[in-house]
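Chemist: Here it is, the structure, as structure tokens.
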Amino acid sequence: MLTPRRLLVTDGSPPALAALTLQERADQTILWATPALSAAQRSAIERQAAHFGVDRVVGPGLEPASDRAPASPRTIAEGRMLFDALLAAWQCRCGRIIWPCQAGHDLDRIAQVQEIVLCVGHVARLDPAWRTVGPEIRTPLLDCTDEQVADLIASGGGGMALAWWCEGQAAAPCGGCGACRRWSAVNRLAAA
Ligand SMILES: [Zn+2]
């Protein structure tokens, strides 16, 4: 039997942290680290687990990535990741997967993500055992803006320091990559 437990897909990013602030019960939340994470992303996940008192952190991303996986189309990588998360949720008896995918006002991307979720769910439900009791996939942040994500993070009490967003591999955010510029703009707005 599945339980009210949730499997939260995380890469340590601001949207993943925002999704964690939405979970009411740390003891019912399992953090599932996505594949091929950097050391900085892994330590962001550890900081978030410690801040919110989540004691179950699992997933392929906890292992140091041996080689960078060959680039694949984003939709295939995301579908494959969701299938892995579905299996992990099934093994942990989680009734729900939280995928903190965030598309803001990008309607094409929102439609794409909804299709991926539908397709993965459809394939899973082809198995009679999953048809009625398989975990469901939710995307609570899909149409959130960066500002709304920052507000959620502020409500969690730990601030942006709990997250990691930089595309670089240094110990601290580089400040110059696209993700650094994106999230520092939100931080400036929040501080204004
Ligand atoms: Zn950066």
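What follows is calculated from the coordinates using simple rules that are stated; it is not laboratory data. Predicted model, so just to flag it, every value in this text is computed and none were measured. We place every Cβ from the backbone using ideal geometry, glycine too, and count neighbours over all the protein chains shown.
Chemist: In debye, nearest 20: dipole of the range 3-165 around its Cα centre with unit charges on the Cβ of K, R (+) and D, E (-)? Walk me through the intermediate numbers first.
Modeler: On the way: 15 positive and 18 negative charges, 103 e Å.
Using only the charged Cβ atoms, the result is roughly 500 debye.
Chemist: Mind pulling the angle between the C-alpha long axis of helix 39-52 and the longest principal axis of the chain? Nearest 10 degrees, somewhere in 0 to 90.
Modeler: Helix 39-52 and the main axis of the chain meet at about 80 degrees.
Chemist: Using θ = phi - 60° and the Karplus curve 6.51 cos²θ - 1.76 cosθ + 1.60, what whole-Hz ³J(HN,Hα) does each residue of the range 112-125 get, with Gly and Pro shown as x?
Modeler: Result, ordered by residue: 4, 5, 5, 5, 4, 4, 4, 5, 5, x, 5, 4, 4, 6 Hz.
Chemist: For A163, enumerate residues with amide H under 5 Å from its amide H, sequence gap 5+ or separate chain, H modeled in the peptide plane.
Modeler: Those lying under 5 Å, H to H, from A163: there are none.
Chemist: Output the 0 to 90 degree angle, nearest 10, between the alpha-carbon long axis of helix 146-155 and the longest principal axis computed from the alpha carbons of the chain.
Modeler: Once rounded, one gets 90 degrees.
Chemist: Rounded to the nearest 10 degrees, what's the angle between the helix 74-91 long axis and the longest principal axis of the chain, both from Cα atoms, 0 to 90?
Modeler: The angle comes out near 60 degrees.
Chemist: Also: Rank these for me by crowding, C92, C174, going from fewest to most other beta carbons within 10 Å.
Modeler: Values: C92 17, C174 12.
Ascending Cβ contact count within 10 Å gives the list C174, C92.
Chemist: Using the 2.2 N^0.38 Å rule of thumb for compact globular proteins, work out how the range 3-165 stacks up: its C-alpha Rg over that value, please. Walk me through the intermediate numbers first.
Modeler: Working: Rg = 15.1 Å, N = 163, 2.2 N^0.38 = 15.2 Å.
For the range 3-165, the normalised Cα radius of gyration is 0.99.
Chemist: Direction-averaged shadow area of the convex hull around the Cα atoms of the range 90-166, nm²?
Modeler: Working: hull surface 26.8 nm².
It is 6.7 nm².
Chemist: Let me know the charge dipole size of the range 101-156 about its Cα centre in debye, to the nearest 20, where only the beta-carbon of Lys, Arg (+1) and Asp, Glu (-1) is charged. Numbers along the way, then the final one.
Modeler: Numbers: 4 positive and 9 negative charges, 80 e Å.
Charge dipole of the range 101-156: 380 debye, to the nearest 20.
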